[in-house]
Amino acid sequence: MSAKQIRSRVELRRRTDHSGSLWKRFCNARLQVKLVAGLVLLSSITLLWVGVKKATRHSEEPLAAVQNQPDAPASVDLTASADHQRQEADSLKRQINRGTALLAQEKPEQALEVFSETLKTNPNDEDVHYNLGLTLARLGKNEEAIEHYETALRLYPKYVEAHNNLGNLLMRIGRNSNAIGHFQAALQITPDYAAAHNNLGTALLRTGYTNEATDHFAQAIKIQPDYWQARFNLGLSCMAEGRLADAQTQFQSVMSLQPGFAGAKAGLAQIEAIQSRLRSNQAAGTPKNVHSAF
């Protein structure tokens, strides 16, 4: 499944979550006004979805139901309120787009200023926290980045990209066990997320769970056959299991997909060296043992 499809699936679930929340708010407000006024408001309320550009997904901001005073329901101007919220959402979108553009230009310091300023007026927006986490991680401020990723997940537990990125950051600083939990959470939300399978496989391989790692690398390739990073990792796990022929096949596939990747060349060279030692051992009458040839 492509990243675009993944985003669409996550957004659809999120749209359902927000719509349910909107209905609950309206039901509470309905107890405070006359039935006729409530029906009029119900027919007037709409959802405003604003696509927010980020590194890996789009976010939707719903228009919240308007709370009315029971003694003056007619004084509420839904149109004016909707316009105001639309302006706020548009402003948030522009700020996030500005920050992500700076990140794309390799200007994380300036992006940090933009996202930090945006957070002051949008402290409970998960996308702002997500982008702050992404920016701080690029600046090497790992603990601060972790805090913002975790806040984004508290605000929106189904934020699959936040789980994946936080897992990557935790794995980068050696916290592989914690990383595994976030990759697993990402796959619970989106089972065919190829990147999460590859990352989970990497964390498992680093913690010695070679067989499980192999399964996730293979699943990533099944979902995305041209995923050369997952093929390379599968080659490594096959080597760790002593399956040299399978490892060689994966490294050769990587070479066809990414000819300049030095890792695949090194892997093929290492396999050839191991096979050469095995042939020498066999000629000398030494029992054939793949692992002893490493």
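What follows draws every value from the coordinates through simple rules; no lab data is involved. The shown structure was predicted, so the numbers you read here are calculated from the model rather than taken from an experiment. All Cβ positions, glycine included, derive from the backbone under ideal geometry; neighbour counts span all protein chains shown.
Checking Q229 against (1) under 21 Å from A179 (Cα atoms); (2) surrounded by 22 or more Cβ atoms within 10 Å (Cβ to Cβ), which test does it fail? So Q229 meets the others, but not (2). Being of a type in the set (F, W, Y) and in contact (Cβ under 8 Å) with a residue 60 or more places away in the chain is a condition met by at least one residue of the stretch 134-156. If the condition is being over 14 Å from Y130 (Cα atoms) and surrounded by 18 or more Cβ atoms within 10 Å (Cβ to Cβ), then the stretch 96-107 contributes only L102.
For V114, the test of being touching a residue at least 24 places away in the same chain (Cβ under 8 Å), surrounded by 20 or more Cβ atoms within 10 Å (Cβ to Cβ) and either polar (S, T, N, Q) or in contact with a Leu (Cβ under 9 Å, 6 or more places away or on another chain) (or both) is failed.
Evaluation of R172 against the conditions (1) among the charged types (D, E, K, R); (2) out of contact with any Phe, Trp or Tyr (no Cβ under 8 Å at 6 or more places or on another chain); (3) closer than 27 Å to Q95 by Cβ shows that the sole unmet condition is (3).
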